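Enquirer: First the structure, which I've put down as structure tokens, then a few questions once you've had a look.
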Amino acid sequence: MPETNPNAAQQPMAALNLYEADFYAWTQEQTKLLRNQQWSQVDLPNLIEEIESLGKQQRQELRSRLSVLVGHLLKWKHLSQGESRSWLATIRIQRLDIAELLEDNPSLKPYLEEALRKAYVRGVELAIAETNLPSRTFPPDCAYRLAEVLDDRFYPGESSELVEPNL
């Protein structure tokens, strides 16, 4: 005869309440249940939702970093007199962070082209907001190839004293 748990019917409701009341406590409880292989007590619907959300967050982070990177590349090109070490640092850091994100999540690589297309729109908005240049200054589609955007030697426009030549 299978073992019955009189509290089993209450477990999903308790997990749901904890999920809504204290997300961190819910994550810790779910971790404990999974480690102890207490499968029947795991809040499966919310766990599935959270795992899906984690994947979406990685794609969003990639788009966000590409947006900032493209926005700064556009500023670099269109306001060469305004180049700054701050812009240079932002470009370099975004490239490093994107490389690390892709190293940690190699399955995002096939999504890069699409992410760049989506990120370009936000990058243009960033460049417009920070330069006061009219939107017609920027092409409707990204003028940079993905390889250029990610290349640490690529800086559009005229050469700058701030960028050290690679030997």
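Read-outs throughout are calculated quantities, based only on the coordinates presented, and are distinct from any laboratory measurement. In this text the structure is predicted, and so the values were computed from the model without any measurement. Here the Cβ positions follow ideal geometry from the backbone for every residue, glycine too, while neighbour counts run over all protein chains shown.
Enquirer: Between residue 56 and residue 44, what is 0.36 nm times their sequence separation minus the Cα-Cα distance? Round to one decimal in nm.
Expert: 2.5 nm
Enquirer: Rounded to the nearest 0.05, what FRET efficiency do residue 162 and residue 31 give with R0 = 41 Å and r taken as the Cβ-Cβ distance? Could you check?
Expert: 0.30
Enquirer: Between residue 89 and residue 21, what is the spin-label point distance in nm, taking each point 7 Å from the Cα along the Cα→C-beta axis?
Expert: Going from the residue 89 label point to the residue 21 one covers 4.5 nm.
Enquirer: Residue by residue through the range 52-67, what is 3J(HN,Hα) from phi via Karplus (6.51 cos²θ - 1.76 cosθ + 1.60, θ = phi - 60°)? Round to whole Hz and write x for glycine and proline.
Expert: 4, 4, 4, x, 5, 5, 5, 5, 5, 4, 4, 4, 5, 5, 5, 4
Enquirer: Moving on to the next point. Modelled label-to-label distance, residue 121 and residue 143, 7 Å Cα→beta-carbon offset: nm?
Expert: Once both label points are built, they end up 2.1 nm from each other.
Enquirer: For the range 55-150, what is one quarter of the convex hull surface built on the Cα atoms, given in nm²?
Expert: That works out to 5.8 nm², a quarter of the Cα hull's surface.
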